[in-house]
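Enquirer: Dropping a structure here in structure tokens format, bear with me for questions.
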Amino acid sequence: MRRMRPLCSGRTYAKLNAMHELAVTQSILEIANQHAAQAGAVRVTNLYLVIGQLSSIVDDSIQFYWDIVSRGTLCEGAALHFERIPAGLRCLDCGTSYTLPGELIACPHCQSIRAQVTQGEEFRLDSIDIETAEEDGDNVRDELTP
């Protein structure tokens, strides 16, 4: 089994983030199938998704649609793994960096409400695990980076 990191631009992820979960799930499938086929995979076993706290992506919806849209593809039966990234902010007045506990809060240092988002809007397919015909059932995991 090999782990791959699909090569996609930031624009692709921003576009995916603006779509409904069904369309997002279909795009994930297209990306995974494309990269798996290019690597000579006979099967995709795992997909690793990174989802920011501030993105509009709902894990359960992605999983629901995944089970439907992946039927009959290299990805059928592949497990989805979700990594949640907390929202991070940087105060524009004092420069303090902090994470959001859930709701928007003022800077814990100076109480300013002027802040810039530094993380938490991400949504991407980070990597996939594949099996190739040459592996003969071996569970080898390789991580490929862009």
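The values are calculated or read from the model by the stated rules, or taken from the named source; none is laboratory data. Since we're looking at a predicted model, the values are computed, not measured. Backbone-built Cβ (ideal geometry, glycine too); neighbour counts: all protein chains shown.
Enquirer: So, residue 78, is that one surrounded by 19 or more Cβ atoms within 10 Å (Cβ to Cβ) and of a type in the set (A, V, I, L, M) or not?
Expert: Details: surrounded by 19 or more Cβ atoms within 10 Å (Cβ to Cβ): yes; of a type in the set (A, V, I, L, M): yes.
Spelling it out, residue 78 is indeed surrounded by 19 or more Cβ atoms within 10 Å (Cβ to Cβ) and of a type in the set (A, V, I, L, M).
Enquirer: Shifting gears a bit: Just one of the numbered conditions (1) touching a residue at least 24 places away in the same chain (Cβ under 8 Å); (2) surrounded by 13 or more Cβ atoms within 10 Å (Cβ to Cβ); (3) over 17 Å from the mean Cα position of the chain (by Cα) is not true of residue 97; which one?
Expert: Single failed check for residue 97: (1).
Enquirer: With respect to residue 4, is the statement that it is modelled with pLDDT under 95, closer than 17 Å to residue 126 by Cβ and of a type in the set (A, V, I, L, M, F, W, C) true?
Expert: When the stated conditions are applied, residue 4 passes them.
Enquirer: Among the residues in segment 41-59, are any among the acidic types (Asp, Glu) and either in a strand (DSSP E or B) or closer than 23 Å to residue 133 by Cβ (or both)? I'd like the intermediate steps shown before the answer.
Expert: We begin by selecting, within segment 41-59, every residue among the acidic types (Asp, Glu); these are 59.
The next check asks that each one be either in a strand (DSSP E or B) or closer than 23 Å to residue 133 by Cβ (or both); those that pass are none.
No, there is no match, as no residue in segment 41-59 is among the acidic types (Asp, Glu) and either in a strand (DSSP E or B) or closer than 23 Å to residue 133 by Cβ (or both).
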